[in-house]
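Accompanying notes for the structure given below.
The values are calculated or read from the model by the stated rules, or taken from the named source; none is laboratory data. Since the model is a prediction, treat every value here as computed from it, not as a measurement. Note that we place each Cβ from the backbone using ideal geometry, even for glycine, and neighbour counts take in every protein chain shown. Note: accessible area is taken over every heavy atom of the protein model, side chains too, but ligands, DNA and RNA are not part of it. Shrake-Rupley method; radii C 1.70, N 1.55, O 1.52, S 1.80 Å.
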Amino acid sequence: MNRLVLCAALAAAFFFYRHTQQPAAPVVPVAPEVVAIPSLAKYRSQMTVEDRTALAQCYEILAKSVAANPVEDPVIPSVAALNDVHRAALLFVWRGVLGNEPGKYEGLREELEGLVKDAIGEADVPLNPAVQKDAATLFTNIARSLR
């Protein structure tokens, strides 16, 4: 009989202990930071939050503007004009809004201009819908990479 009482007491204690404990929170592994354009990761890690945010917003605006460029009466008529718009936007934000000097992040300008050149080229040819879409996608991916 002593064993039966002891087993019942242990079972009751175990039951009480088990139901009064808080369940352990699951351990969620920290996901690595995903950058849409891997070559921008090293610049992103060097940049201030203000610089990254401003450039990301600049590229978001560029993406929307290029996507909305009317085909029948384009504001940006050629690939060369699109390259000029890109460079002007960077200049306005980088120097005009942020007050940064050229070369603050060594190689960043060259990387951004190289990405645009690789995606759309430099030729002075009319901007067609396919190139326009590629440019808008690139600008969106650059903005996501800087967020």
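Side notes on the structure shown:
- Residues (of a type outside the set (D, E) and part of a loop (DSSP other than H, G, I, E, B)) located in region 117-147: G121, A123, V125, L127, N128, R147
- Residue that is modelled with the lowest pLDDT [pool: residues in region 67-99 that are under 30 Å from T48 (Cα atoms) and assigned to a loop (DSSP other than H, G, I, E, B)]: L98
- V49 open to solvent by 80 Å² or more (accessible area, probe 1.4 Å) and modelled with pLDDT under 90: no
- One residue from G103, G114 being in a helix (DSSP H, G or I), surrounded by fewer than 14 Cβ atoms within 10 Å (Cβ to Cβ) and without any contact (Cβ under 8 Å) to a residue 60 or more places away in the chain: G114
- Of all the criteria given as (1) of a type in the set (K, R); (2) within 18 Å of I37 (Cβ to Cβ); (3) at pLDDT 90 or above, the one not satisfied by K64 is (2).
- Residue match in region 81-90 (condition: in contact (Cβ under 8 Å) with a residue 24 or more places away in the chain, open to solvent by less than 70 Å² (accessible area, probe 1.4 Å), aliphatic (A, V, I, L, M) and over 16 Å from E113 (Cβ atoms)): no
- Those residues of region 121-140 which are more than 18 Å from P38 (Cβ to Cβ), of a type in the set (A, V, I, L, M, F, W, C) and either surrounded by fewer than 19 Cβ atoms within 10 Å (Cβ to Cβ) or at pLDDT 90 or above (or both), in sequence order: A123, V125, A130, V131, A135, A136
- Given (1) exposed (fewer than 12 other Cβ atoms within 10 Å of the Cβ); (2) more than 26 Å from P77 (Cβ to Cβ), index of the condition G96 fails: (2)
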